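Novice: Just dropping this structure here.
What follows draws every value from the coordinates through simple rules; no lab data is involved. Remember, it's a predicted structure, so these values are computed and weren't measured experimentally. Reconstructed Cβ throughout: ideal geometry from the backbone, glycine too, with neighbour counts over all protein chains shown.
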Amino acid sequence: MIEAYFIHLLILIGIYIILAISLQLTIGFTGLLNLGHIAFFAIGAYTAALLTLNGTPFIIAFLLAGIFAMIFGFLLSFLTKKLKGDYLALATLAFTFVIYSIALNWTGLTRGPLGLPGIPKPSLFGFGFSSNFSFLILTLIIALISYFIIKKIVNSPFGKVLEAIRDDELATKVLGKNTFKMKSYALAISAFFAGIAGSLYAHYITFIDPSSFTLLQLIPILVIVIVGGLASLKGTIIATIVLILLPELLRFVGFPSSVVGPARQILYALILILILIYKPKGFYGKVELE
Amino acid sequence: MMKNKQFGMVLTFLIIVILVINLIIFMPKQKEEIKIGVILPLSGNAAVYGVSAKEGIDLALEELSTDESIKIKLIYEDSQCNSEKAVSAARKLINVNKVKIIIGHICSNAAMAVAPIVEENKVILLSPGASSTDLTNAGDYIFRNRQTISGEVSKIAEIAYKKFDINKVAIIYVNNEYGVNAKGIFKTEFEEEGQIVSTEAYEQDATDFKTQLTKIKQQEPEAIFLAGYIKESAIIIKQATELGLETQFFSTLGIEGQELLDTAGESAEGIIYTAPMFDVKSDERIIKEFVNKYKIKYEKEPTYVFAANGYDALKILALNIKKCDTNTECIKKELYNTKNYPGVSGTTTFDENGDVNKPVMIKTVKNGQFVPYETK
């Protein structure tokens with residue numbers, strides 16, 4: 001029985017790894033302070049949920065979730081073409097709010113605040129992933145593939161250009177690189193992975209509503225990226241595991257029931273602060289965010 | 001001498017052994033401890049409601065602790081009103097603590113996300129506060145002892161056209177699951193008789209409603225139905241008066257509280273709303289007892305109905321656990337058979353969907369007091 005709880009946690013870790021390493025691609029490797037990641041996650045979740053609820057096979061809905069998020073990633077990169085640093089952060093944050101508002105107010109499509117219940121568990125070529133264990137295998141395979149693709153990207157010449165953009169965009173331009181094109185690719189790829197993570201999330205929890213995609217939900221992912229260390233995939237994965245398991249471990253600390261909610265969060269915050277005091281660049285951070 | 005001493009020792013030993021054996025045989029049988037999981041928003045936006053429910057549950061537990069025939073242990077988990085956190089909490093309670101019964105959820109999103117898990121594991125979920133109409137059909141093991149929105153809202157719609165003979169109503173609702181559901185039900189109910197001239201939404205925690213109210217004013221409604229919470233509703237009533245929108249207001253239980261009188265002042269006079277039978281100032285014996293005990297334990301009044309709902313939830317469960325011991329199927333059956341349980345939050349009868357329809361009363365504000373509305 002207790003395994004079921006671990007399986008649940010591993011599934012969450014798998015989904016968050018996809019989310020965090022794809023955010024690492026934009027923030028850590030390309031230096032774009034992208035706060036619109038949770039919006040891509042939302043787009044993916046809603047796309048997959050709506051499509052499968054209307055009878056589309058899982059695999060198509062799953063890929064469309066990623067592609068749809070990717071299209072929005074391209075769109076966002078065009079809209080924020082001339083923005084940098086803090087201004088880019090604000091513009092992408094606004095994008096998060098826009099997508100949230102659409103999910104909340106386009107009631108005809110998303111049922112608004114009522115949310116979408118009863119999202120079916122995925123099935124692939126006749127094999128149903130209805131048990132949590134099979135869903136875990138699916139999630140881990142997708143997480144692993146995502147990891148290798150992103151690792152391949154950051155180690156490729158294209159990835160090196162992205163890092164050059166992060167370190168000195170002007171110099172990269174002088175070298176004759178089309179930095180805008182590169183940045184927009186990076187954002188779109190990152191959005192694609194956020195979209196498929198959203199699809200997995202929707203199929204796993206089986207209920208989504210706009211409140212799952214607010215700024216509040218973005219913060220944990222951002223924390224993972226920073227604690228893991230910018231531009232480090234290994235660090236991101238370790239940070240994901242630590243930060244998902246930490247609050248769960250705190251459930252087993254015997255607080256009196258009168259303070260159980262706040263006490264856990266205070267302790268969680270305290271541990272985060274300590275990590276960043278002793279490891280200001282995160283676990284394996286290579287660069288510092290300007 | 002020596003022999004006597006030895007004999008004495010043997011005798012004492014024998015007496016002790018006999019006593020111990022006696023104790024073991026005739027000791028009142030200790031009941032097996034039953035673990036009940038509790039998932040509530042104990043931190044975050046909805047923490048006030050979660051803590052209120054928790055206080056009610058704790059009070060019920062304290063009373064039950066004097067009862068020898070039942071031993072209950074509560075395990076609290078915080079959901080923060082977040083569906084993912086609620087799922088983790090439910091998984092932990094079910095898989096690690098092996099609970100068979102969960103009391104939980106004020107927020108509907110958390111309840112909806114947990115619903116498939118409790119169904120799959122055949123765990124009973126009794127919600128003291130989730131309002132979503134989707135929860136009605138979410139599963140067989142899911143119960144709630146919060147008045148459903150439809151019960152309240154249809155009542156107020158009926159009052160509006162029957163007692164007040166009103167034909168044109170505008171709705172202003174909070175853009176969340178509660179407001180959207182309430183708006184929808186009011187609309188279907190009322191449109192059988194009258195006309196909805198305008199529906200306007202607002203975001204929770206908003207403080208300026210002049211845009212929506214101006215739009216409503218142009219439609220000249222005879223009454224406005226407020227589907228929302230006290231904080232915003234009080235400001236809406238105040239701003240409506242400022243804009244010269246002098247109409248009858250209708251609302252639901254969310255409206256009653258000191259905040260309404262403080263913010264809206266005289267404008268609140270005459271508002272008609274539905275309230276559960278739970279009333280802090282009620283003269284009914286069980287409610288009086290509950291309020292007194294609550295005041296002694298927490299040194300404050302039970303402001304929110306969730307305290308009463310939580311209290312009733314554990315009491316009802318305890319009653320059925322006594323009958324069924326740890327047999328979940330039996331408890332489930334007994335819950336469906338619960339008829340007219342005299343709860344603090346009203347007479348409780350579960351219907352075939354595990355919902356309750358507690359009696360509601362119509363109240364109004366008169367001379368700065370919340371009083372039952374006298375039907376003429």
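Novice: Once Lys and Arg get +1 and Asp and Glu get -1 on their Cβ, which of B:267, B:79, A:134 lies farthest toward the positive end of the dipole of the protein assembly as shown?
Specialist: Value computed over the given set: A:134.
Novice: Going by average Cβ neighbours within 10 Å, how do the peptides A:57-65, A:21-29, B:122-130, B:240-248 rank, with the highest at the top? Could you put the intermediate results ahead of the total?
Specialist: Working: A:57-65: 19.2, A:21-29: 27.7, B:122-130: 24.8, B:240-248: 15.0.
The peptides rank, most packed first, as A:21-29, B:122-130, A:57-65, B:240-248.
Novice: Please identify, among A:264, A:251, A:111, the residue showing maximal mean-square fluctuation in a Gaussian network model of chain A using a 10 angstrom Cα cutoff.
Specialist: Of A:264, A:251, A:111, the most mobile in the Gaussian network model is A:251.
Novice: Sticking with this structure for a sec: If R₀ is 41 angstrom, what is the calculated FRET efficiency for the pair residue B:163 and residue B:292, using the beta carbon separation as r and rounding to 0.05? Present the calculation step by step, with values, prior to reporting the outcome.
Specialist: Values: r = 35 Å, r/R0 = 0.85.
Result of the calculation: an efficiency of 0.70.
Novice: Based on the Cβ-Cβ distance of residue A:97 and residue B:357, what FRET efficiency does E = 1/(1 + (r/R0)^6) give at R0 = 35 Å, to the nearest 0.05?
Specialist: Rounded to the nearest 0.05, the efficiency is 0.35.
Novice: Given the rule -39500 (n - 2.57) for each run of at least 4 DSSP H residues, summed and divided by the residues of chain B, what is its mean residue ellipticity at 222 nm, to the nearest 500 deg cm²/dmol?
Specialist: On the way: 12 runs with 166 residues, N = 376.
Result for chain B, helices only: -14000 deg cm²/dmol.
Novice: How much FRET efficiency would the formula 1/(1 + (r/R0)^6) give for residue A:175 and residue A:288, where r is the Cβ-Cβ distance and R0 is 25 Å, rounded to 0.05?
Specialist: On the way: r = 23 Å, r/R0 = 0.94.
For residue A:175 and residue A:288, the calculated efficiency is 0.60.
Novice: Another one. Hey, rough spin-label estimate for residue A:131 and residue B:33, points 7 angstrom out along Cα→Cβ, what's it come to in nanometres?
Specialist: In this crude label model, residue A:131 to residue B:33 measures out at 3.3 nm.
Novice: Connecting C-alpha atoms closer than 10 Å in a GNM of chain A, tell me which of A:173, A:121, A:151 has the biggest fluctuation.
Specialist: A:173
Novice: What helices does chain B hold that run 30 Å or longer along their axis, going by alpha-carbon atoms, with a Kyte-Doolittle average of -1.0 or more, using DSSP H for the helix calls? Walk me through the numbers before you get to the answer.
Specialist: On the way: long enough: B:2-26 (36 Å, 1.90).
Helices meeting the span and hydropathy rule in chain B are B:2-26.
Novice: Let me ask something else. Anyone know which of A:239, A:194, A:171 comes out most mobile in the 10 Å Cα GNM of chain A?
Specialist: A:171
Novice: Further question on the same structure: List, in the order given, every pair from B:162/B:339; B:92/B:231; B:163/B:339; B:54/B:122 whose Cα-Cα distance in the structure shown is over 27 Å. Before the final figure, lay out each step's value.
Specialist: Working: B:162/B:339 30 Å; B:92/B:231 35 Å; B:163/B:339 30 Å; B:54/B:122 24 Å.
Over 27 Å Cα-Cα: B:162/B:339; B:92/B:231; B:163/B:339.
Novice: Let me ask another. With each label point set 7 Å from Cα along the Cα-Cβ vector, what nm distance links residue B:220 and residue B:285?
Specialist: 5.6 nm
Novice: Modelled label-to-label distance, residue B:197 and residue A:219, 7 Å Cα→beta-carbon offset: nm?
Specialist: 4.4 nm
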